[in-house]
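Have a look at the structure below, then the notes.
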Amino acid sequence: MTEKMTLAVIYGSARQGRFCDTVTSWLIRELSSSDIFSLTIIDPLRFRSARGDKAGDLGEWMERKVGEADAFIVVTPEYNHGYPAALKELIDSVYEPWHAKPVAFVSYGGASGGIRAVEQLRQVFGELHSVTLRDGVILAKAWSKFDAAGNLYKPEEVQASLFLMMDRLTWWARTLKSARKATPYNEIAA
Ligand SMILES: Cc1cc2nc3c(=O)[nH]c(=O)nc-3n(C[C@H](O)[C@H](O)[C@H](O)COP(=O)(O)O)c2cc1C
């Protein structure tokens, strides 16, 4: 059997009472039986509550978490037409571990479903030599789509976007993993 790749699911929000928990819990339930990916979680809130004020080792922690991942899904809300500062702090804490790896987005918010946050994140990840996926999951008025138990009222609609995104992410993750192995990305140019 082929070895599973590692997929990091990244929480974009670090707010207490965040809706990100509902969206990400649903996503993790959907992906947990994957034959292709093992999941790892990158959550700024859990990092902070575990480390308290000693958050200085964020870079070290992210070096390991991003370094071991072959692909990423960023679950991001939209704040004032952008993405959360906590997410930027995570992203900026490391550089090379992002290189030549694919990044997909699950976004949520009001009418826009977080797409303005995603468009800004594409610029950021471009600078990090990551490949961002065109296809993602967009949850407009996200709070109206989940029941109190965190289940989607109409799962099929959202699953169609998720499955397409995962097919594309699998292709990119496999392709770039094998390309990184054949030629380390940091060796191709100074
Ligand atoms: C500071 C702030 C700014 C927001 N700005 C926007 C916005 O520009 N567009 C939008 O669609 N929703 C906006 N919202 C609504 C959020 O997308 C929504 O509350 C979402 O659930 C927040 O994610 P979180 O609870 O996981 O942090 C904003 C929310 C906050 C707290």
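Quick notes on this structure:
- Cα centroids of region 66-91 and region 1-35: 13 Å apart.
- Per residue, the chain exposes 52 Å² of accessible surface when a 1.4 Å probe is rolled over the protein heavy atoms with every protein chain present.
- The chain - percent of accessible surface contributed by carbon and sulfur, probe 1.4 Å: 51 percent
- A straight Cα-to-Cα reach below 21 Å connects Lys145 with the lysines Lys154, residues fewer than 8 places away in its own chain not being considered.
- Largest accessible area first, the listed residues Trp26, Trp61 line up as Trp61, Trp26 when surface is computed with a 1.4 Å probe on the assembled protein chains.
- Excluding same-chain neighbours fewer than eight residues apart, the lysines reachable from Lys88 by a Cα-Cα span under 24 Å are Lys54, Lys65, Lys101, Lys141.
The values are calculated or read from the model by the stated rules, or taken from the named source; none is laboratory data. Predicted model only: the values in this text are computed from it and were never measured. These area figures cover heavy atoms from the full protein model, side chains too; ligands, DNA and RNA do not enter into them. Shrake-Rupley method; radii C 1.70, N 1.55, O 1.52, S 1.80 Å.
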